[in-house]
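The structure appears right after this line, and notes come after that.
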Amino acid sequence: MEGTKDDAAFTAYTTQFLEALWKEDPDRATQTGYHKYDSLLIVPTDGSRQHLFKFAGAQADSLAKYTPATLSDANKIDYQLIQNELQKIQWRTQTLKDYEWDPSSYNVIGTFAYILNEHYAPLDKRLRNFYERMANIPAYYKEAQKQIKNPVPELTSLAADQLNGGVSVLEKDFADSLKKTKIPEATQKLMLARAKVSADAIKGFATWLTNLKSVKPRSFRLGRELYQDKFKFDIQSALTPQQVFNAAVSRKKYLHREMAKLSRELWPKYFGKADMPKDTLALIGRVIDTLSAKHVKPEDFQSAIEKQIPKLVAFVKEKDLLTLDPSKPLVVRREPAYMAGVAGASVSSPGPYDKGGNTYFNVGSLSGWASARAESYLREYNQYILQILCIHEAIPGHYTQLVYSNKAPSLVKSVLQNGAMIEGWAVYTEEMMLNAGYGNNEPEMRLMWYKWNLRSVCNTILDYSVHTANMSKEQAINLLTREAFQQQAEAEGKWKRVSVSSVQLTSYYTGYKEITDLRDAYQKKLADKYKLKEFNEKFLGYGSAPVKMIRELMLEKKQ
Ligand code: ZN
Ligand code: ZN
């Protein structure tokens, strides 16, 4: 029940908590759309880290004054999200200690780029904050050098690449933007001088990283214990990583079996009387390869995606899968210049402090791509996968979830949103659409979805095996190319990603599995009263919360 005395007090507490969090972490504040601290850059000293640690402890004490049982469902979730966040801050500073071994955590450029590119305030004002914020950059990197000890080589070269690649934001983009303002000449000169000093500090740090000779470098593999902790804080699943890994391994077997069946069924249609490969994986690979040739021309890529949206809306309505809010249409746009380079499609949503803003479906163009690169990309995003991509990103995937999430009016859930729930929902809807008959129940569509699904499944297997066991690069590439039917280039890219990140790659499959399990349990509980639409809407109504918390509330016995 909303509106009790305890709820009112708790809501007041959450407001104070977020205010304090932003002051503690101005970078995160800016990128969340909270701009009071845009001009601040905190130097990462031992002292500032101690301060953050104490902040988490003090907030945990304040939080402990509330009793979750007396709060509304929405506040119960917020309570647990804040608790998780505070524990995570303490764990990071005391146990993970990535400030010592991950040089890529010292990248100030992202926030500067955000201030330049997002039009939340007049340009003059944003540039003045940019200028103020640069003041601490030399001290920041001097301190970063002191903090780093035996860094992970992969993260060291990633950091150097990112800094060298991004420094143009300060060296060039800032100057270009200044020209568009009426800031007096003399002031501009000062501003540009500081940008030069700042860029030099960033490049100096990158050079220092490149020349760093570490005697005993830390392995990029996180190790079992840290992995378990990180999984607990980031994924917030009811399952352990080992359980998720086991489930992924059996899911892979299931998918291979089903894919083999479909491939045998499709073989005569595409290969006539030719002999079928005896090896099952080779058979599936051949059929997938042939189906991948069905793709649009490079110049039609954007319009093909645009044309999908109304079809998806019509299908969701026709099958009554969930209610789409007609007052919040999705704005399809060509990918803005500063995002260019990432082809395909993505959704960019207004931040939690700007819920009225537009949500965009950014569609990239392949113009200017070399023909071999475009061909390989288009084979990957063939006629079938392109439709699945639109389901995943837009309707009823990420975009639809976001509209529901914005109606659950909790800033805490927007700020501390659960990535596994968000990705899991998008994957869950792909299967839901196919199960409702999307794509005319064509076996080709189902086979290609299985391949797509295998990607999430293998991401989980890969991440866990690499970080907690000792999976080698060769084994990893073999898993991805042979068992998940990926191209060599894609597999190489995935290896790179898993060697500079951990846990995040498991979010897609974990979220998907937990949502599917919850739906089955909910169906069982409601028996003949169960309706898929009611499940979907109720589930989304809780906002971007961890599935395990939604599960507790949805399966709770009615008093
Ligand atoms: Zn082709
Ligand atoms: Zn996604």
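The values are calculated or read from the model by the stated rules, or taken from the named source; none is laboratory data. For clarity, every value in this text was computed on a predicted model and none was experimentally measured. In this analysis, Cβ positions are derived from the backbone assuming ideal geometry, glycine residues included, and neighbour counts consider all displayed protein chains.
In the range 464-507, how many are within 14 Å of K252 (Cβ to Cβ) and surrounded by fewer than 15 Cβ atoms within 10 Å (Cβ to Cβ)?
Qualifying residue count, the range 464-507: 2.
Find the residue count for the range 290-317, including only residues that are within 16 Å of ligand 1 (Cβ to nearest atom), part of a helix (DSSP H, G or I) and in contact (Cβ under 8 Å) with a residue 40 or more places away in the chain. Steps first, please.
Taking the range 290-317 and keeping what is within 16 Å of ligand 1 (Cβ to nearest atom), we get 290-301, 304.
With part of a helix (DSSP H, G or I) added as a condition, the list becomes 290-291, 298-301, 304.
Next, from what is left, pick out any that are in contact (Cβ under 8 Å) with a residue 40 or more places away in the chain: 291, 298-299, 301, 304.
The number of residues fulfilling the criteria is 5.
For the range 450-481, name all the residues that are outside any loop (DSSP other than H, G, I, E, B) and of a type in the set (S, T, N, Q).
Result: N453, S456, N459, T460, S465, T468, Q475, N478, T481.
Residues checked against (1) at pLDDT below 95; (2) surrounded by fewer than 16 Cβ atoms within 10 Å (Cβ to Cβ); (3) touching a helix residue (DSSP H, G or I) at 6+ places or on another chain (Cβ under 7 Å):
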residue	(1), (2), (3)
Y66	no, no, yes
A74	yes, no, no
Y79	no, no, yes
E85	no, no, no
I89	no, no, yes
Y120	yes, no, no
R128	no, no, no
Y131	no, no, yes
Y140	no, no, no
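Have a look at Y79, Y99 and point out the one that is within 24 Å of the chain's Cα centre (by Cα) and farther than 27 Å from L553 by Cα. Steps first, please.
Numbers: Y79 fails: farther than 27 Å from L553 by Cα.
Exactly one residue qualifies, and that residue is Y99.
Just the residues that are assigned to a loop (DSSP other than H, G, I, E, B), within 16 Å of ligand 2 (Cβ to nearest atom) and touching an Asp or Glu at 6+ places or on another chain (Cβ under 8 Å), please, taken from the range 365-423. Quick ask: steps written out before the conclusion?
Going residue by residue through the range 365-423, those that are assigned to a loop (DSSP other than H, G, I, E, B) are 365-370, 381-382, 394-397, 408-410, 416-418.
Narrowing further to those that are within 16 Å of ligand 2 (Cβ to nearest atom): 381, 394-397, 417-418.
Scanning the range 365-423 gives a single hit, G397.
Working only within the range 359-374, note down all residues that are crowded, with 17+ Cβ neighbours inside 10 Å and more than 16 Å from ligand 1 (Cβ to nearest atom).
T359, Y360, F361, N362, V363, G364
Could you pull out every one of the helices (runs of 4 or more DSSP H) wholly within the range 127-201 that has 2 or more residues that are over 28 Å from the mean Cα position of the chain (by Cα)? Give the steps one after another, and end with the answer.
Details: elements: 137-147, 153-166, 174-179.
Here the list reads 137-147, 174-179.
Which of the residues spanning the range 420-447 are closer than 13 Å to L389 by Cα and within 23 Å of the chain's Cα centre (by Cα)?
Scanning the range 420-447 gives E423, A426, V427, Y428, T429, E430, E431, M433.
Find all pairs meeting these conditions: Cβ atoms under 6 angstrom apart; at least six residues apart or on different chains; first residue within the range 25-51 and surrounded by 15 or more Cβ atoms within 10 Å (Cβ to Cβ); second residue part of a helix (DSSP H, G or I) and of a type in the set (G, A, S).
Y37/A29; I42/S48; V43/A139
In this structure, does D289 turn out to be modelled with pLDDT of 95 or more and on the phi > 0 side of the Ramachandran plot? Outline the logic, then answer.
Working: modelled with pLDDT of 95 or more: yes; on the phi > 0 side of the Ramachandran plot: no.
In short, no.
Has the range 220-240 got at least one residue that is among the β-branched types (V, I, T) and closer than 21 Å to K548 by Cβ?
Going residue by residue through the range 220-240, those that are among the β-branched types (V, I, T) are 235, 240.
Okay, now just the ones that are also closer than 21 Å to K548 by Cβ, so 235, 240.
Checking the range 220-240: at least one residue is among the β-branched types (V, I, T) and closer than 21 Å to K548 by Cβ.
In the range 530-559, which residue that is out of contact with any helix residue (DSSP H, G or I) (no Cβ under 6 Å at 6 or more places or on another chain), over 26 Å from I82 (Cα atoms) and not in a helix (DSSP H, G or I) is modelled with the lowest pLDDT?
Q559
Evaluate the following for N441: is it surrounded by fewer than 22 Cβ atoms within 10 Å (Cβ to Cβ), farther than 16 Å from S507 by Cβ, more than 15 Å from ligand 2 (Cβ to nearest atom) and without any contact (Cβ under 8 Å) to a residue 12 or more places away in the chain? If you could, list the steps in order and put the result at the bottom.
Working: surrounded by fewer than 22 Cβ atoms within 10 Å (Cβ to Cβ): yes; farther than 16 Å from S507 by Cβ: yes; more than 15 Å from ligand 2 (Cβ to nearest atom): yes; without any contact (Cβ under 8 Å) to a residue 12 or more places away in the chain: yes.
Yes, satisfied.
With the structure loaded, tell me whether E492 is in a helix (DSSP H, G or I) and at pLDDT below 95 or whether it fails that test. Before the answer, list the steps.
Working: in a helix (DSSP H, G or I): yes; at pLDDT below 95: yes.
Yes: the conditions hold for E492.
Please verify whether L447 is touching a Ser or Thr at 6+ places or on another chain (Cβ under 8 Å), among the aliphatic types (A, V, I, L, M), assigned to a helix (DSSP H, G or I) and away from ligand 2 (no atom under 16 Å from the Cβ), treating the condition exactly as stated. Lay out the reasoning, then the answer.
Working: touching a Ser or Thr at 6+ places or on another chain (Cβ under 8 Å): yes; among the aliphatic types (A, V, I, L, M): yes; assigned to a helix (DSSP H, G or I): yes; away from ligand 2 (no atom under 16 Å from the Cβ): yes.
Criteria met by L447.
Among the residues of the range 469-508, count how many are charged (D, E, K, R) and either closer than 28 Å to G397 by Cα or in contact with a strand residue (DSSP E or B) (Cβ under 6 Å, 6 or more places away or on another chain) (or both).
6
Restricting the first residue to the range 154-177 and requiring it to be farther than 14 Å from A113 by Cα, which pairs with a second residue that is of a type in the set (V, I, T) meet a Cβ separation below 6 Å and a spacing of at least six or different chains?
E154/V500; L155/V500; L158/V500; A160/T210
How many residues are over 26 Å from V503 (Cβ atoms), over 16 Å from the mean Cα position of the chain (by Cα) and away from ligand 1 (no atom under 16 Å from the Cβ) when one looks only at the range 375-399? Lay out the reasoning, then the answer.
Restricting attention to the range 375-399, the residues satisfying the condition of being over 26 Å from V503 (Cβ atoms) are 375-379, 381-384, 386-387, 390, 394-396.
Next, from what is left, pick out any that are over 16 Å from the mean Cα position of the chain (by Cα): 375-379, 381-384, 386-387, 390, 395-396.
With away from ligand 1 (no atom under 16 Å from the Cβ) added as a condition, the list becomes 387, 390, 395-396.
The total comes to 4.
Check whether at least one residue in the range 230-237 is buried (at least 18 other Cβ atoms within 10 Å of the Cβ) and without any contact (Cβ under 8 Å) to a residue 24 or more places away in the chain, and report yes or no. Steps first, please.
Going residue by residue through the range 230-237, those that are buried (at least 18 other Cβ atoms within 10 Å of the Cβ) are 230-231, 234-237.
Remaining after also requiring without any contact (Cβ under 8 Å) to a residue 24 or more places away in the chain: none.
Scanning the range 230-237 turns up no residue that is buried (at least 18 other Cβ atoms within 10 Å of the Cβ) and without any contact (Cβ under 8 Å) to a residue 24 or more places away in the chain.
So the check is Cβ under 6 Å with 6+ separation or different chains; which pairs have a first residue in the range 353-381 that's assigned by TED's automatic domain parsing to the domain that holds P409 and a second one that's within 14 Å of ligand 1 (Cβ to nearest atom) and outside any loop (DSSP other than H, G, I, E, B)?
From residues that are assigned by TED's automatic domain parsing to the domain that holds P409, the pairs are L366/P298; L366/F301; L366/A374; A374/P298.
When you go through A469, A521, A527, A484 one by one, which is the residue that is at pLDDT 95 or above, of a type in the set (A, V, I, L, M, F, W, C), more than 22 Å from Q236 (Cα to Cα) and over 22 Å from the mean Cα position of the chain (by Cα)?
Details: A469 fails: more than 22 Å from Q236 (Cα to Cα); A521 fails: more than 22 Å from Q236 (Cα to Cα); A484 fails: over 22 Å from the mean Cα position of the chain (by Cα).
None of the other options fit; the residue is A527.
Would you say A195 is buried (at least 17 other Cβ atoms within 10 Å of the Cβ), farther than 19 Å from D25 by Cβ, touching a Ser or Thr at 6+ places or on another chain (Cβ under 6 Å) and among the hydrophobic types (A, V, I, L, M, F, W, C)? Quick ask: steps written out before the conclusion?
On the way: buried (at least 17 other Cβ atoms within 10 Å of the Cβ): yes; farther than 19 Å from D25 by Cβ: yes; touching a Ser or Thr at 6+ places or on another chain (Cβ under 6 Å): no; among the hydrophobic types (A, V, I, L, M, F, W, C): yes.
So A195 fails the test.
With the structure loaded, tell me whether T240 is surrounded by fewer than 16 Cβ atoms within 10 Å (Cβ to Cβ), touching a Lys or Arg at 6+ places or on another chain (Cβ under 9 Å) and β-branched (V, I, T) or whether it fails that test. Lay out the reasoning, then the answer.
Working: surrounded by fewer than 16 Cβ atoms within 10 Å (Cβ to Cβ): yes; touching a Lys or Arg at 6+ places or on another chain (Cβ under 9 Å): yes; β-branched (V, I, T): yes.
When the stated conditions are applied, T240 passes them.
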